[in-house]
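No lab work stands behind these numbers, since they all come straight from the coordinates. Please read these numbers as outputs of a predicted model, since none were measured by experiment. Neighbour counts are summed over all protein chains in view; Cβ atoms, including those assigned to glycine, are modelled from backbone coordinates with ideal geometry.
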Amino acid sequence: MRRLAIAILGGLLLSGCAHERSWRAELDDTLPLLGHRNWIAVVDSAYPLQTASGLRVVYVEADTLEVVGTVLEAVDTSGHVRATVFLDTELEAVADVDSPGIGAYREGLGRLLAGRDVQHLPHEAILGRLDGAGREFAVLVLKTPLELPYTSVFVRLDCGYWSDDAEARLRAALENR
């Protein structure tokens with residue numbers, strides 16, 4: 001009986017590790033293929049399954065902030081892309097009385113995003129951008145079990161070795177020809 005219990009426990013632990021490895025492997029395998037105009041979203045459990053053909057949803061049985069940190073670190077070290085982060089405007093207005101734990105989540109997210117380019121838009125506006133991008137470009141959605149509203153983190157990828165300023169100078173030079 002004890003051997004059976006140990007075998008079952010070992011199997012559960014290994015399957016948990018394999019599951020975690022699978023989302024990380026998905027990120028590691030997909031990121032080199034992504035470039036500017038692609039997105040990676042780390043979303044909560046109520047996030048809708050969108051139908052745009054370019055969206056790939058992977059369920060991640062992990063802490064949302066851990067997943068966000070892993071995604072940002074992977075993007076930061078990739079070299080070929082950089083992150084612009086979008087958050088729901090609504091996140092700042094959600095009260096702890098309505099959603100216990102939201103304040104602690106905001107604090108943890110704030111630490112992860114300190115010093116980054118972060119834009120705040122209404123949730124529906126971000127969904128519209130993601131849906132539009134998914135019609136033409138790949139979007140990787142990492143869906144977590146988090147049950148707090150408006151906590152999704154949307155990462156738009158931009159070229160890592162070409163800045164917005166360089167692009168503006170190039171466009172100006174082309175117009176002046």
A correct Karplus calculation of ³J(HN,Hα) over the range 38-55, with 6.51 cos²θ - 1.76 cosθ + 1.60, θ = phi - 60°, whole Hz and x for Gly and Pro, returns 8, 10, 10, 10, 10, 10, 7, 5, 8, 4, x, 7, 7, 9, 4, 5, x, 7
Given H placed 1.01 Å from N in the peptide plane, which residues other than close sequence neighbours of His120 have an amide H under 5 Å from its amide H? Leu87
Positive minus negative residues near Asp76 (Lys, Arg vs Asp, Glu; Cβ under 11 Å): +1
May I ask what percent, to the nearest 5, of DSSP beta bridges between residues of the chain are antiparallel? 45 percent
Which cross-chain or sequence-distant (5 or more) residues have an amide H under 5 Å from the amide H of His36, H modelled 1.01 Å from N in plane? Cys159
Given the candidates Gly69, Val43, Gly54, the one whose Cα lies deepest towards the positive end of the charge dipole of the chain, counting +1 at each Lys or Arg C-beta and -1 at each Asp or Glu C-beta, is Gly54
Dividing the Cα convex hull volume of the chain by residue count, how many Å³ per residue is that? 153 Å³
Length-normalised contact order for the chain - Cα pairs under 8 Å, 6+ apart - percent: 41 percent
Net charge of neighbours whose Cβ lies under 12 Å from the Cβ of Ser45, counting Lys and Arg as +1 and Asp and Glu as -1: -2
Apply the Karplus curve 6.51 cos²θ - 1.76 cosθ + 1.60, θ = phi - 60°, to the phi angles in the range 140-149 and return the couplings in whole Hz, x for Gly and Pro. 9, 10, 9, 9, 9, x, 4, 10, 10, x
At what distance in angstrom do the alpha carbon centres of the range 114-135 and the range 37-97 lie from each other? 10 Å
Residues with amide H under 5 Å of Leu55's amide H, sequence separation 5 or more or different chain, H placed in the peptide plane at 1.01 Å from N; which? Val139
Environment charge at Val153 (Cβ cut-off 15 Å; Lys +1, Arg +1, Asp -1, Glu -1): -4
Using the per-residue mean of other Cβ atoms lying within 10 Å as a proxy for protection, in what order, highest first, do the peptides 78-88, 102-112 fall? 78-88, 102-112
